[in-house]
2 protein chains.
Amino acid sequence: MKTFAGLSAIFEEHFSCRHFPTTPSTLYDPAQYILSIGGKRIRPVCVLMGNELFDEIQPDAYNVGIAVELFHNFTLIHDDIMDNAPLRRGKPTLHVKYGTATAILAGDVMFAQAHEYLSKISIERIKPILALFNKTTKEVCEGQQLDMDFEKKDQVHLDDYLQMIALKTSVLLGASMQLGAIIGGAGKRNQQLMYEFGKNLGIAFQLQDDYLDAFGNPDKFGKQVGGDILLNKKTILLLHTFNAANAQQKTELTGLLQSNNPDKVSKMLQLFKLCGADVFARQLKDQYYNEALKNLEEVAVTGSRKKALQQLAEMLLNREN
Amino acid sequence: MKTFAGLSAIFEEHFSCRHFPTTPSTLYDPAQYILSIGGKRIRPVCVLMGNELFDEIQPDAYNVGIAVELFHNFTLIHDDIMDNAPLRRGKPTLHVKYGTATAILAGDVMFAQAHEYLSKISIERIKPILALFNKTTKEVCEGQQLDMDFEKKDQVHLDDYLQMIALKTSVLLGASMQLGAIIGGAGKRNQQLMYEFGKNLGIAFQLQDDYLDAFGNPDKFGKQVGGDILLNKKTILLLHTFNAANAQQKTELTGLLQSNNPDKVSKMLQLFKLCGADVFARQLKDQYYNEALKNLEEVAVTGSRKKALQQLAEMLLNREN
């Protein structure tokens, strides 16, 4: 049972090659560019861990891991276009560097390449793996569309927000765990528990991300604290404050959302606290985190094999960066 | 052995349903929109014909046909964004009607849905079908990138142009024929011949398209004659004229490319004829067309079964619309 760091190094050995032909370089160099600027490779490592929980790592796990990572990068390329994002991991986004048309196409060909890796899966496993992968890719698209829809709305229901972050970011984590479990030969119930484990972990992670963006230690968080507030982003903190605010607080909230004053962030943080949004977000995060740990506990495998996954959960959820 | 019209009607029965969930409607209604504005469904009918050449139509042929048609529509959505096209089949393009972000995503989810249909293929055929499909999807992306690259170049070599149109439009026709042949149980050689048949037919069709855009009967062609000339599009006619023009004609050509005079089209047509581009294009088209018919002839199947495919070739290549 290897650690995250150990498996990450092993995956990188399989991943740090060129995944595309050389020509046309106007298409494939951009595609390769986004892969070269790094990334934590969390999802493929989840595939390897999901596999190793039940059995030795099988060759299929690498192909599925690569497919999942390529798919993830495909979504990053297209999301960055949709969100007009200038930077990714501190480097220019693909559409900024190479133009939008090539960025659309580089994303497309990366999705196609993900499927090429999937098509190499052993025949006895290919059907369930494709079924789960295809279901997940559609859900991720749905999540991105909901996220864009919500930007245009004045109010978003909390349940709708949770469903959106589940689709946009968490189902792929859940699927990665389950894909690994399938490769490891897990039965249906264990597979389902692994899916829920990854999905709940993903939701907890996203809620924590919302929290840290407002209340994180600026030295450790690595991003500008208050960035979401400045963008009026509908986070768990803002949505809770909408619900919990009294009439006077609601007026203040509306004013703050329309303001560009230098004290917007500090005033909003104050309001979040007054309305208990910080406590609420932490508690909700803990709820999903604990649910995830319970899912993992219920997997019918001896406890000693679960250590790496427990450590991964801890690493993801007890971070300040 | 059914005709194109017969198979087209049968395919439509399988295709004219909703291919997407209902929610989020902001994503799936746009995706469904592009499918609802029509299309000749040539590629899926090629799958059915390729199948029927060798055996009765198998259920797999419908799933593969639907996947091919969805993939084709996915490329149309994204190409229209890249080309800034306002209209498709006389209707607003998806990005004009719903915005670029949703159009990118609707394309993505259509590609994902194509793979969902592919994942339903019988286990004994799924591997070769995925291999061919994935190879083809990457080639189509390469073709679109080359097309965009060529727009920025002053000169394009004829061979490079032929390679570009092969990748952008013809390999999918070739693949459709071969996918059908695989489902029909054809051997490797027959499969390859079917691929070449479709690919050569596709190249001939594209060359004819270039020709008709300049020299077609405006009443029958259905598009504005001379549209490519007005856009300075690098067609087979323009590329040949570049090569064949003498010094004086080259000067005239350069002048015409920079001009926006009302007589630009008529002057260019005159120059094309003087340089023999019309004859050259027709001959090259015939060459690919005859090669395609030869490929079909060589398929080791009794001649009477080939009628529908011969008629399809004739229909595609002896059109004026």
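The values are calculated or read from the model by the stated rules, or taken from the named source; none is laboratory data. Predicted model, so just to flag it, every value in this text is computed and none were measured. Cβ coordinates were reconstructed from backbone atoms using ideal geometry, including for glycine residues, and neighbour counts include every protein chain displayed. These accessible areas exclude ligands, DNA and RNA; they are computed on the full protein's heavy atoms, side chains included. Shrake-Rupley method; radii C 1.70, N 1.55, O 1.52, S 1.80 Å.
Please compute the modelled spin-label separation between B:GLN248 and A:ASN261, points set 7 Å along Cα→Cβ, answer in nm with one decimal.
For A:ASN261 paired with B:GLN248, the spin-label model returns 7.9 nm.
Under a crude label model (7 Å from the Cα following the beta-carbon direction), how far is B:ASN290 from B:ASN217 in nanometres?
For B:ASN290 paired with B:ASN217, the spin-label model returns 2.5 nm.
Taking Cα pairs under 8 Å and at least six residues apart, what relative contact order does segment B:75-166 come out at, in percent?
On the way: 38 pairs, mean separation 17.0, N = 92.
It comes to 19 percent, rounded to a whole number.
Percent of alpha carbon pairs in chain B separated by more than 26 Å? Don't skip to the answer; put the middle values down first.
Details: 25649 of 51360 pairs.
Percentage above 26 Å: 50.
Could you work out the helix-only [θ] at 222 nm for the protein assembly as shown, with each DSSP H run of four or more residues adding -39,500 (n - 2.57) and the total divided by the number of residues, to the nearest 500 deg cm²/dmol? The partial results should precede the final answer.
On the way: 34 runs with 468 residues, N = 642.
Estimated from H runs of four or more residues: -23500 deg cm²/dmol.
I'd like the Karplus ³J(HN,Hα) series for segment A:244-252: coefficients 6.51, -1.76, 1.60, θ = phi - 60°, whole numbers in Hz, and an x wherever there's a Gly or Pro.
Per-residue couplings from phi come out as 8, 5, 7, 4, 5, 5, 4, 4, 4 Hz.
Enumerate by residue number the chymotrypsin sites (Phe, Trp or Tyr not before Pro) in segment B:216-321 meeting two conditions: DSSP loop (anything except H, G, I, E, B), and at most 12 other Cβ atoms within 10 Å of the site's Cβ.
On the way: sites: B:PHE221, B:PHE242, B:PHE272, B:PHE280, B:TYR288, B:TYR289; in loops: none.
Qualifying residues, ordered by number: none.
Once the label point is placed 7 Å from Cα along Cβ, list for B:GLY276 the distances to the corresponding points in the other copies, in nm, shortest first.
B:GLY276 label point versus its equivalents elsewhere: 8.8 nm.
Run the count for segment B:119-253, please: Lys pairs, Cα-Cα under 13 angstrom, 8 or more apart or on different chains. If you can, show how the numbers build up before the last one.
On the way: B:LYS127/B:LYS135; B:LYS135/B:LYS168; B:LYS138/B:LYS168; B:LYS152/B:LYS233; B:LYS152/B:LYS234; B:LYS153/B:LYS233; B:LYS153/B:LYS234; B:LYS168/B:LYS199.
Going through segment B:119-253 pair by pair, I get 8.
Using the Kirkwood formula over every pair of different C-alpha atoms, what hydrodynamic radius in Å results for segment A:62-212? Mind dumping the intermediate values first?
Working: mean 1/r = 0.0608 Å⁻¹.
Final number for the Kirkwood radius of segment A:62-212 is 16.5 Å.
Given R₀ = 25 Å, FRET efficiency for B:MET315-B:LYS188 by Cβ-Cβ distance, to 0.05? Before the final figure, lay out each step's value.
On the way: r = 28 Å, r/R0 = 1.14.
Once the sixth-power term is evaluated, E becomes 0.30.
Go through segment B:287-321 and name the GluC sites (Glu not before Pro) that are in a DSSP coil and have 14 or fewer other Cβ atoms within 10 Å of their Cβ. Before the final figure, lay out each step's value.
Numbers: sites: B:GLU291, B:GLU297, B:GLU298, B:GLU314, B:GLU320; in loops: B:GLU320.
Within segment B:287-321, the qualifying GluC sites (Glu not before Pro) (loop, at most 14 other Cβ atoms within 10 Å) are B:GLU320.
Could you tell me the calculated FRET efficiency between A:LEU274 and A:GLU297, based on Cβ-Cβ distance and R0 = 25 angstrom, to the nearest 0.05?
On the way: r = 37 Å, r/R0 = 1.48.
E(calc), rounded to 0.05, equals 0.10.
Using the heavy atoms of the protein chains and a 1.4 angstrom probe, tell me the accessible area per residue for the protein assembly as shown in square angstrom.
On the way: 26300 Å² over 642 residues.
Roughly 41 Å² per residue, with all protein chains present.
Between chains B and A, what is the buried accessible area summed over both chains (1.4 Å probe, protein heavy atoms, nearest 100 Å²)?
Numbers: alone 14870 and 14870 Å², together 26300 Å².
Protein heavy atoms only, the B-A interface buries about 3400 Å².
Sequence-distant or interchain residues sharing an amide H contact under 5 Å with B:ARG88, placed H: which?
Here B:THR93 satisfy the definition.
With the contact rule set at Cα under 8 Å and sequence spacing of 6 or more, what percent relative contact order holds for chain B?
Values: 429 pairs, mean separation 61.6, N = 321.
Here the relative contact order equals 19 percent.
Taking the alpha-carbon centroid of each part, what is the distance from segment B:66-139 to segment B:39-55 in angstrom?
Going from one Cα centre to the other spans 18 Å.
Distance between the C-alpha centers of segment B:143-205 and segment B:212-268? Whole Å please.
25
Label points 7 Å out from Cα along the Cβ direction at A:SER122 and B:LYS91: separation in nm?
Modelled inter-label distance: 4.6 nm.
Counting other Cβ atoms within 10 Å, which trypsin sites (Lys or Arg not before Pro) in segment B:250-321 have at most 16 and lie in a DSSP loop?
Here the trypsin sites (Lys or Arg not before Pro) that fit, given the DSSP loop and packing criteria, are B:ARG319.
For chain A, take the longest principal axis of its alpha carbons; what is the angle in degrees between that and the long axis of helix A:264-274, to the nearest 10 within 0 to 90?
With rounding to tens, the tilt is 90 degrees.
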